[in-house]
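Down below is the structure, laid out as structure tokens.
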Amino acid sequence: MAAFEQRLGAALAQRREQQLYRQRLTLDSPQGPVVRLDGRDYLNFCSNDYLGLAAHPRLVASFQRAAAEYGVGSGASHLVCGHSRPHRQLEEALAEHTGRARALLFSSGYAANTGTLATLLQPGDRVLQDRLNHASLLDGGLHSGARFRRFGHNDVADLARKLSAGEGPALVVVDGVFSMDGDSAPLPELAALCRLHDAWLMVDDAHGFGVNGDNGAGTVAAAGLGEDEVPVLMATLGKALGTGGAFVAGSETLIEALVQQARNYIYTTAICPALAAATLTALALLRDEAWRRAQLGELIQRFRRGAEQLQLPLMASASAIQPLLVGDAGTALQMSQALRDRGLLISAIRPPTVPAGTSRLRITLSAAHSEEQVDRLLEELARCRPQ
Ligand code: PMP
């Protein structure tokens, strides 16, 4: 037993030495542009609550109503007796919102990705993934039994070479909006290439669903693509939708295969019914409060204009994710700490989440921020940049 303790201790010490140690924060407030931590208010530029829905009164009221009706626990997995009316209504609404035959709820995006890849793939298949894909996609691909290949980030020519080089059914997998870079996949080009090679395309739109496209239908819809071009669409509900969980949308066959076979769907407790009810309200708000997407778009522009004037090292992103490239992990950490001292929460993203030498401040904007808050962010970034 001592061997385990020793090994774990050594790994932790090494992390500390390499400036890769991660700390959790304990908030004493809801998500929002300002959060409370250790008795102090901070401007929050690190949450994925892009539309400011996580503490929206209508979501909270839906949650409370459904909790009163259905309780707070689902009690079992979907296939046993954990599937209730709010889950079903939410799945139907998600299918409609994404223009697909059906949608299936998972308890997290991590489970949705790993479960879907495990169900779709078998030995003899090929899975080709952008090298900056989210960890859950990479893990799902690596453990799927299929031949796993990465292609260069957004490098359609590299993907074309790799598709031509191999044989067997091929699944191409990308993030719609990349979580740590904020840029988007070239979906029309990828879809055309997949068609040429008779490959399937899966898009994880965790950071685009709710934000991009008409009524927030997502990055795939915004690119003018449907189920024919992108047969497997996945998105999470814990970001722009403000709640939690995830879904996969696609054909009747795809979804029924996931219900019957995806171990991450079958052997896990369904999300709480009240959370499904709150998410249903969030979907309605995508239509009712379209100003949130417009407001977010304006804040993104304002931030980018200001950062350019200040010559801050912006990465090429048009999304709510606006990373500043720092490079060294220790420097990124120091900047994040200096910003914290001045009342701003911004996380330093370091390896292994991003490649070595590309540590960054991952700044995220929300429709709930004000122009003044974005201006303050710019001011503080200029003050805290390395000299
Ligand atoms: N895919 C992407 C692109 C993500 O950024 C995330 C979460 N950060 C996930 C999947 C996992 O989703 P969840 O947090 O619901 O497990």
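The values are calculated or read from the model by the stated rules, or taken from the named source; none is laboratory data. From a predicted model like this one, the values you see are computed outputs, not experimental measurements. Positions of Cβ are backbone-derived with ideal geometry, glycine not excepted, and every protein chain shown enters the neighbour counts. Remember, those area values only see protein heavy atoms, side chains included, never the ligands or the DNA or RNA. Shrake-Rupley method; radii C 1.70, N 1.55, O 1.52, S 1.80 Å.
Quick notes
- Multiplying the residue separation of residue 15 and residue 101 by 0.36 nm and removing their Cα-Cα distance gives an extension gain of 26.3 nm.
- Computed over every Cα-Cα pair of segment 142-292 and binned at 5 Å starting from 0, the pair-distance distribution P(r) comes out as 2, 8, 16, 19, 21, 16, 10, 5, 2, 0 percent.
- Comparing 207, 233, 172 along the charge dipole axis of segment 131-247, the residue lying farthest to the positive side is 172, per the Cβ-charge model.
- Kirkwood-based shape ratio for segment 1-135, expressed as Rg/Rh from alpha carbons: 1.05
- Centroid-to-centroid separation of segment 192-264 and segment 137-158 [C-alpha atoms, Å]: 17 Å
- Note on the chain: dipole from Cβ charges, positive end direction compared against 73, 104, 9; the farthest Cα belongs to 9.
- Potential lengthening of the chain between residue 196 and residue 284 amounts to 27.9 nm, from the contour at 0.36 nm per residue minus the alpha-carbon distance.
- Rounded to the nearest 20, the size of the Cβ-charge dipole of segment 133-211 about its Cα centre is 320 debye, with Lys and Arg at +1 and Asp and Glu at -1.
- Charge dipole of segment 241-317 about the Cα centre (unit charges at C-beta), most positive-ward option of 317, 307, 279: 307
- Computed FRET value (nearest 0.05) for residue 160 with residue 22, which takes r as the C-beta separation and R₀ as 45 Å: 0.75
- Spacing of the modelled spin labels on residue 263 and residue 251, each 7 Å from Cα toward Cβ, amounts to 2.6 nm.
- Accessible area per residue in Å² at 1.4 Å probe, computed on segment 111-233: 37 Å²
- Hydrodynamic radius by Kirkwood, which averages 1/r over all alpha carbon pairs of segment 318-387, in angstrom: 12.4 Å
- Per-residue ³J(HN,Hα) for segment 57-64, Karplus 6.51 cos²θ - 1.76 cosθ + 1.60, θ = phi - 60°, Hz, x for Gly and Pro: x, 6, 5, 4, 5, 4, 4, 5
- If only the Cβ of Lys and Arg carry +1 and only the Cβ of Asp and Glu carry -1, the dipole of the chain around its Cα centre is close to 920 debye.
- Compactness of the chain as Cα Rg over 2.2 N^0.38 Å, two decimals: 1.00
- Column: log10 I(q)/I(0), Debye, Cα scatterers of segment 67-147, q = 0.17, 0.18, 0.23 Å⁻¹: -0.84, -0.90, -1.08
- Table column - 3J(HN,Hα) (Hz), segment 370-387, Karplus curve with 6.51, -1.76, 1.60, x for Gly and Pro: 9, 4, 4, 5, 5, 5, 5, 4, 4, 4, 6, 5, 5, 5, 9, 5, x, 7
- Between 295, 311, 122, the GNM of the chain built on Cα springs shorter than 10 angstrom shows 311 fluctuating the most.
- Per-q log10 I(q)/I(0), segment 207-342, q = 0.14, 0.19 Å⁻¹ (Debye; single scatterer per alpha-carbon; no solvent): -0.88, -1.17
- The distance from the alpha carbon centre of segment 19-80 to that of segment 280-329 is 21 Å, rounded to a whole number.
- D_trans [Stokes-Einstein, Kirkwood Rh over alpha-carbon pairs] for segment 108-187, 20 °C, 1.002 mPa s, µm² s⁻¹: 169 µm²/s
- Taking all pairs of distinct alpha-carbon atoms in segment 174-260, Kirkwood radius in angstrom: 13.2 Å
- Segment 224-369, accessible surface, carbon-and-sulfur percent (1.4 angstrom probe): 48 percent
- In this calculation the C-beta distance from residue 376 to residue 131 is compared with R0 = 41 Å, giving a FRET efficiency of 0.70.
- Difference of contour (0.36 nm per residue) and Cα-Cα distance, residue 215 to residue 60: 53.7 nm
- Summarised in one figure, the compactness ratio Rg/Rh of segment 149-224, Cα atoms and Kirkwood Rh, is 0.99.
- Only helical runs count toward this figure. For the chain, summing -39,500 (n - 2.57) over DSSP H runs of n ≥ 4 and dividing by all residues gives -13000 deg cm²/dmol at 222 nm.
- Cα gyration tensor shape for segment 347-387, rounded if a/c is under 1.5, else prolate or oblate: oblate
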